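The structure appears below as structure tokens.
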Amino acid sequence: MPDHDAIIIGGGHNALVCAGYLARSGLDVLLIERRDFVGGATATEELFPGFRVSSCSYICHLLQAKVIDDLEMRKYGFEVLPLDPEPFQPYPDGRRLARWHSLERTQEELASFSLRDAAALPEWHAFWRRAASIVYPWFLRPPPTRDQLRDSVAGTEDAAFLDRLMTVSMGELVREFFEDEAVRGSFLQVQDVGDPEASGGAFCYTHIRCDAFSRPADVGIVRGGMGMIANSLADSAREQGVQIRTGTIVERIVMDSDGARGVVLDDGTEISSKLVVSGADPKRTLLGLVGPDRLPAELVAPAREMRTRTSYLKFHAALDRLPDFSRYFPDSYDPRYIASMKICPSMDYYAKAWHEAASGRPASEPVMEVQIPSVIDDTLTEPGRHVMSVWGLYAPVQPQDGDWDELRESVGESLIDVLCRYAPDLRDCLIDWSLFTPADLERRVWLTDGNIRHLDIVPEQYLDLRPMRGWGGYATPIEGLYLCGAGTHPGGEVTGACGHNAAHAILDAI
């Protein structure tokens, strides 16, 4: 008899969600995580003595209410602190734009840039809610084909809307709604597609904008850092009988003529199971844990061709005080203003960052999503001190001028220089800092090419084309082997949806 009903490889949040659902349905589940703690890219780490940071993911906005409730996450310590405004955007010329939960308050801010743009804001929100309303019904279901999406709106006004959504670029869309270049820079976001003018950019961005249907209570900064998501899921899973082994490395997946039948650890220990579920990314699973020599021949080339070309930087800093952003406020201000900031003063700025990275050079002036969560969450460090993290767009997977170990210091210093244009005393506040490059993210979190969403969310890897054409879900062509990570539908971000969907696909199949 097998040792377990299911072995889950990896302790990321989707793997923990999958484990929780399988155990609640009566399966004997073993989850194996290579690091000494669970979470993967959803982790809180003490990178500097006395300073705890969300080391990769940083905001809760798409975690599914069904997952939160089904797995009783709040019972196990999951708590979300509201974030408003989100984001606050400073500009080099001293102007500012805060985007509030309140439509009217945000319109007041926009009016200082353009009355037309302030008037267009409700239409912008309505556009994305309409787009999300087409895609979101599939979030916790098997991925749809494009024809299924079209069929879902056939005969309605949304049919023509969807046709345009599938091809329009984010650049075109932002220019259509807003006239002021500074406002355009604030609202432009292209994620993995990168190029603001690329066809289908808006269609893929709909994935992010499905947070229009998140409960307000589930959106914001997670108290204790993003690792509390993983910790609550792990505690929930353990109570259902899931065995979680950390500090344990899976060397390969055991295969026989019938399919996947267990795993071999790096010390040679073999553990058998009826099925294997990988929370690792599809490339690492198929080309590493299975291996090209044991993979069906027709899958080798498509597995190698799965796109992991869009990469980012993650910067962390320990601060002995808050940086000075007072130039943006005529009077004293609530520090919560600067809990979440965006640096992107124009569309050209965004495009330059993308094209530099696409040509093999780290963005000289990266688009930045800056967080100082310690102004809201007092559990991260001692009073008066703060943590700062920056998500930097974009970085090449493999730089053309040297490797990342050689470039890390200079790229980090350049990023600090850009931030100093907005907070001139930042260097005086720094106790220590660290930059995670794409190479670091791969080494630390086992993400192929440092890809935070396992695979780029681009038109050719979205919905039923994720992870590759012809799969249509979570079961691989290898009998008994499933995927449950962000390389599956609906994709990246901390959603829990991939783990939820994989678990239900498994339960339907057994």
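The residue that is modelled with the highest pLDDT, among those in the range 366-417 that are under 17 Å from T310 (Cα atoms) and among the charged types (D, E, K, R), is E369. For the range 203-210, the criterion of being surrounded by fewer than 24 Cβ atoms within 10 Å (Cβ to Cβ), out of contact with any helix residue (DSSP H, G or I) (no Cβ under 6 Å at 6 or more places or on another chain) and among the β-branched types (V, I, T) is satisfied by at least one residue. Out of the residues in the range 434-457 meeting the condition of being touching an Asp or Glu at 6+ places or on another chain (Cβ under 7 Å) and at positive phi, tell me which one is least open to solvent (accessible area, probe 1.4 Å). Looking at residues that are touching an Asp or Glu at 6+ places or on another chain (Cβ under 7 Å) and at positive phi, I get G450.
Restricting the search to the range 381-407, which residues are among the small types (G, A, S) and in contact with a Ser or Thr (Cβ under 8 Å, 6 or more places away or on another chain)?
Applying the first criterion (among the small types (G, A, S)) to the range 381-407 yields 384, 389, 392, 395, 402.
Across the range 381-407, the qualifying residues are S389, A395.
Scan the range 107-119 for residues that are free of Cβ contacts under 8 Å to residues at least 60 places away in the same chain and either on the phi > 0 side of the Ramachandran plot or surrounded by fewer than 19 Cβ atoms within 10 Å (Cβ to Cβ) (or both) and the total you get is 6.
Against the conditions (1) more than 25 Å from D348 (Cβ to Cβ); (2) hydroxyl-bearing (S, T, Y); (3) more than 19 Å from the chain's Cα centre (by Cα), Y136 satisfies every one except (3).
If a residue must be polar (S, T, N, Q) and within 15 Å of Y462 (Cβ to Cβ), how many such residues does the range 118-168 contain? Steps first, answer last, please.
Restricting attention to the range 118-168, the residues satisfying the condition of being polar (S, T, N, Q) are 133, 145, 148, 152, 156, 167.
Cutting the leftovers down to within 15 Å of Y462 (Cβ to Cβ) gives us 145, 148, 167.
Matching residues across the range 118-168 total 3.
Only one residue in S326, S414, S410 is in contact with a Ser or Thr (Cβ under 9 Å, 6 or more places away or on another chain) and either touching a residue at least 60 places away in the same chain (Cβ under 8 Å) or open to solvent by 50 Å² or more (accessible area, probe 1.4 Å) (or both). Which one? I'd like the intermediate steps shown before the answer.
Working: S414 fails: either touching a residue at least 60 places away in the same chain (Cβ under 8 Å) or open to solvent by 50 Å² or more (accessible area, probe 1.4 Å) (or both); S410 fails: in contact with a Ser or Thr (Cβ under 9 Å, 6 or more places away or on another chain).
Checking each option against the conditions leaves just S326.
Scanning the range 390-407 for residues that are open to solvent by 10 Å² or more (accessible area, probe 1.4 Å) and closer than 25 Å to Y91 by Cα yields a single hit, W391. Is the range 294-316 home to any residue that is closer than 21 Å to D425 by Cβ, among the aliphatic types (A, V, I, L, M), in contact (Cβ under 8 Å) with a residue 12 or more places away in the chain and open to solvent by less than 10 Å² (accessible area, probe 1.4 Å)? Checking the range 294-316: not a single residue is closer than 21 Å to D425 by Cβ, among the aliphatic types (A, V, I, L, M), in contact (Cβ under 8 Å) with a residue 12 or more places away in the chain and open to solvent by less than 10 Å² (accessible area, probe 1.4 Å).
In the range 251-289, the qualifying residues are those that are aliphatic (A, V, I, L, M) and under 24 Å from the mean Cα position of the chain (by Cα), and the one that is most open to solvent (accessible area, probe 1.4 Å) is L287. Residues that are open to solvent by less than 50 Å² (accessible area, probe 1.4 Å), touching a Leu at 6+ places or on another chain (Cβ under 8 Å) and modelled with pLDDT under 95 number at least 1 in none of the helices (runs of 4 or more DSSP H) confined to the range 125-181. Looking at A260, A280, just one residue is under 21 Å from G499 (Cβ atoms), of a type in the set (A, V, I, L, M, F, W, C) and in a loop (DSSP other than H, G, I, E, B), and that residue is A280.
Of G491, G472, which residue is among the small types (G, A, S), surrounded by fewer than 24 Cβ atoms within 10 Å (Cβ to Cβ) and assigned to a loop (DSSP other than H, G, I, E, B)?
Details: G491 fails: surrounded by fewer than 24 Cβ atoms within 10 Å (Cβ to Cβ).
Just one listed residue meets the conditions, G472.
Give the residues of the range 361-379 that are closer than 19 Å to L435 by Cβ and of a type in the set (A, V, I, L, M), sorted by residue number. Even if it seems obvious, please write down each step before you answer.
At the first step, the residues of the range 361-379 found to be closer than 19 Å to L435 by Cβ are 361-373.
Within the range 361-379, A363, V367, M368, V370, I372 meet the criteria.
Looking only at residues in the range 55-70 that are in contact with a His (Cβ under 9 Å, 6 or more places away or on another chain) and buried (at least 20 other Cβ atoms within 10 Å of the Cβ), the one that is nearest to V17 (Cα to Cα) is V67.
Among the residues of the range 214-234, the ones that are open to solvent by less than 50 Å² (accessible area, probe 1.4 Å), over 15 Å from the mean Cα position of the chain (by Cα) and of a type in the set (A, V, I, L, M, F, W, C) come to 3 in all.
Of the residues making up the range 79-95, those that are surrounded by fewer than 17 Cβ atoms within 10 Å (Cβ to Cβ) and under 21 Å from Y349 (Cα atoms) number 4.
Might you let me know whether the range 113-122 holds any residue that is assigned to a loop (DSSP other than H, G, I, E, B) and touching a helix residue (DSSP H, G or I) at 6+ places or on another chain (Cβ under 9 Å)? Before you say what the answer is, go through the steps one by one.
Within the range 113-122, the first condition is being assigned to a loop (DSSP other than H, G, I, E, B), and the residues that meet it are 113-114.
Subset that is touching a helix residue (DSSP H, G or I) at 6+ places or on another chain (Cβ under 9 Å): 113-114.
There is at least one residue in the range 113-122 that is assigned to a loop (DSSP other than H, G, I, E, B) and touching a helix residue (DSSP H, G or I) at 6+ places or on another chain (Cβ under 9 Å).
So, of the residues in the range 417-433 that are touching a helix residue (DSSP H, G or I) at 6+ places or on another chain (Cβ under 9 Å) and aliphatic (A, V, I, L, M), which turns out to be surrounded by the fewest Cβ atoms within 10 Å (Cβ to Cβ)? Filtering the range 417-433 for residues that are touching a helix residue (DSSP H, G or I) at 6+ places or on another chain (Cβ under 9 Å) and aliphatic (A, V, I, L, M), the one surrounded by the fewest Cβ atoms within 10 Å (Cβ to Cβ) comes out as L430.
Please determine whether any residue of the range 388-397 is in a loop (DSSP other than H, G, I, E, B), over 22 Å from P85 (Cβ atoms) and of a type outside the set (K, R). First the steps, then the outcome.
Filtering the range 388-397 down to residues in a loop (DSSP other than H, G, I, E, B) leaves 396-397.
From what's left, over 22 Å from P85 (Cβ atoms): 396-397.
Pick out the ones that are also of a type outside the set (K, R) and you get 396-397.
Within the range 388-397, one or more residues are in a loop (DSSP other than H, G, I, E, B), over 22 Å from P85 (Cβ atoms) and of a type outside the set (K, R).
The values are calculated or read from the model by the stated rules, or taken from the named source; none is laboratory data. Every value quoted in this text rests on a predicted model; they were computed, and no experiment measured them. No Cβ is skipped: glycine too gets one built from the backbone with ideal geometry, and neighbour counts run over all protein chains shown. Protein only, heavy atoms only, side chains kept; ligands, DNA and RNA dropped before computing areas. Shrake-Rupley method; radii C 1.70, N 1.55, O 1.52, S 1.80 Å.
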